[in-house]
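Just so you know, all these numbers are worked out from the coordinates, no wet-lab data involved. All values reported here derive from a predicted model rather than from experimental measurement. Quick reminder, even Gly has a Cβ in these numbers, built from the backbone with ideal geometry, and neighbours come from all protein chains shown.
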Ligand SMILES: Nc1ncnc2c1ncn2[C@@H]1O[C@H](COP(=O)(O)OP(=O)(O)O)[C@@H](O)[C@H]1O
Ligand SMILES: [Mg+2]
């Protein structure tokens, strides 16, 4: 019998805390992650890589607890790593090996028999688009080829779940698209789970159904992207004439408005906002050309959450360039 997908949590943590000396990198995380594709978001230094390594049992937690696929992260790291494919953030390849031997070696480290590991290495390299280059030495590979090789190493033992730390880092558009598509295929057709850390909203939106957002080691948002967006729904209104007066009229009624020229976005945070918009337009003599619900992007959602936390950010890139806001 096959389990119904996407229901039982595959990761569970309770008050999970990790400190490096005085520095608290993960602060009392209470979290459940369901099967499927989940994006782990946060600025540089938010604690994403640390979190992934604690799940894999690669670093000791300071306090609290957690489990992955039913295994205790404090005591069952080796069992977890048998069932998870890990694509680390930084270089994990031996430049002197060729692709095929690197991937076979990754399989052997996981306890696979060399013959089976070799067969799987061929399959996996084919899967990540490196079938032709598998006998070339890794130090001649492009960044995209190295990332693909890391993914092949991660899936050599056919894991149920893949943990990918910044999988599209440093990739050009074509390599990035291919990487994201491969991860997406792995979830949709392969019925595997993916937990991917990224600071790129578009990447996460392309692959993931859910997000976990960390900020300075704390959990600040979590859930299905669709549901999180609903919290912040807005109407977009295009007007002709007296836009400024209309903005003032809306603000006077206590509506939340962001205006850029003739286009304004009005928060849908009470009953029948469209009616109020039309009423204000009638008093200011503005013509409403268009009025529709605004399709927020994950980027919009991220900015809205950061605003609520009291950070004035204009884009997710702001956070990347400068590290986490104080
Ligand atoms: N081995 C370590 N020793 C000390 N501090 C660390 C170590 N690894 C990470 N940190 C610190 O912990 C915080 C979280 O780091 P990290 O998990 O790498 O964040 P992210 O992956 O979100 O960029 C950062 O402030 C970082 O400097
Ligand atoms: Mg990281």
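See the values below:
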| quantity | calculated |
| --- | --- |
| Residue 94-residue 113 pseudo-label distance in nm [points 7 Å out on the Cα-to-Cβ vector] | 2.3 nm |
| Efficiency of FRET between residue 297 and residue 248 - r from beta-carbon atoms, R0 25 angstrom, step 0.05 | 0.35 |
| Kirkwood Rh (inverse of mean 1/r, distinct Cα pairs), region 56-178, angstrom | 15.0 Å |
| Debye intensity ratio I(q)/I(0), log10, region 233-294, q values 0.13, 0.24 Å⁻¹ (C-alpha model) | -0.24, -0.93 |
| Inverse of mean 1/r across different Cα pairs in region 9-224, Kirkwood, Å | 17.3 Å |
| Percent RCO, i.e. relative contact order, over the chain, from Cα pairs under 8 Å lying at least 6 residues apart | 18 percent |
| Cα long-axis angle, helix 173-188 against the chain (0 to 90 degrees, to the nearest 10) | 80 degrees |
| Alpha-carbon spread of region 174-253, three principal axes, descending order, Å | 54, 32, 21 |
| Global geometry of region 47-94, whether rounded, prolate or oblate, following the gyration tensor of its Cα atoms and the 1.5 cut on a/c | oblate |
| Hull shadow area, averaged, region 213-256 [alpha-carbon convex hull, nm²] | 4.9 nm² |
| Spin-label model distance (nm) - residue 160 vs residue 275, 7 Å beyond Cα toward Cβ | 5.1 nm |
| Pairwise Cα inverse-distance average, inverted: Kirkwood Rh of region 188-326 (Å) | 16.9 Å |
| Alpha-carbon Rg with Dmax, taken over region 1-98, Å | 14.7, 48 |
